[in-house]
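Report on one structure; see the data block that follows.
The values are calculated or read from the model by the stated rules, or taken from the named source; none is laboratory data. Predicted, not measured: the structure shown is a model, and the values here were computed from it. No Cβ is skipped: glycine too gets one built from the backbone with ideal geometry, and neighbour counts run over all protein chains shown.
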Amino acid sequence: MICILLWILTQPSHGQTFINTVQEPAFPVGQKALANYLRQQVRYPKAAEQAGVRGRAFASFVIDTLGFVEISTIKILKGLGYGCDEEAVRMIRHMPRWTPATNSGKVCAVRYNLPIYFPARQE
């Protein structure tokens, strides 16, 4: 359900091998809690309800080294329209603090991709 995009840049160094140990960012209490958060927080847009719109909006954002979502980095990669995209941004903006990612034991900021499901109202 959750898609993660981690960009880790390494440069070869004349025969040396580098091993990066990456710990992904974590939503408080885990992936099930993230799914519950999204399900509980979604406000199905009236325009989407009237148009019968359903599906997934795909959003991307950066989780900084303190575990906060960088508001300026929120982007809708694939939207549904009818207010769903704005609702996805609203939910991401109000997310609680995450446990930040680490790379080789050092805290780092990462870009995170997240599908947000908008079911038909009767589902």
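Pull up the range 76-95, narrow it to residues that are in a helix (DSSP H, G or I) and not aliphatic (A, V, I, L, M), then point me to the one that is surrounded by the most Cβ atoms within 10 Å (Cβ to Cβ).
Selected residue: CYS84.
Which condition breaks for LYS75 when tested against (1) under 21 Å from ALA26 (Cα atoms); (2) out of contact with any strand residue (DSSP E or B) (no Cβ under 7 Å at 6 or more places or on another chain)?
Result: LYS75 fails condition (2) only.
Take the residues in the range 44-69 that are out of contact with any Gly (no Cβ under 9 Å at 6 or more places or on another chain), exposed (fewer than 13 other Cβ atoms within 10 Å of the Cβ) and free of Cβ contacts under 8 Å to residues at least 60 places away in the same chain, then tell me which one is farthest from PRO119 (Cα to Cα).
My answer is LEU66.
Only one of (1) surrounded by 11 or more Cβ atoms within 10 Å (Cβ to Cβ); (2) at pLDDT 95 or above; (3) more than 14 Å from PRO115 (Cα to Cα); (4) of a type in the set (Ser, Thr, Tyr) is not met by SER72, so which one is it?
Checking SER72 against (1) surrounded by 11 or more Cβ atoms within 10 Å (Cβ to Cβ); (2) at pLDDT 95 or above; (3) more than 14 Å from PRO115 (Cα to Cα); (4) of a type in the set (Ser, Thr, Tyr), the one that fails is (1).
Of all residues in the range 96-123, how many are crowded, with 19+ Cβ neighbours inside 10 Å and either basic (Lys, Arg) or within 12 Å of the chain's Cα centre (by Cα) (or both)?
Selection size over the range 96-123: 5.
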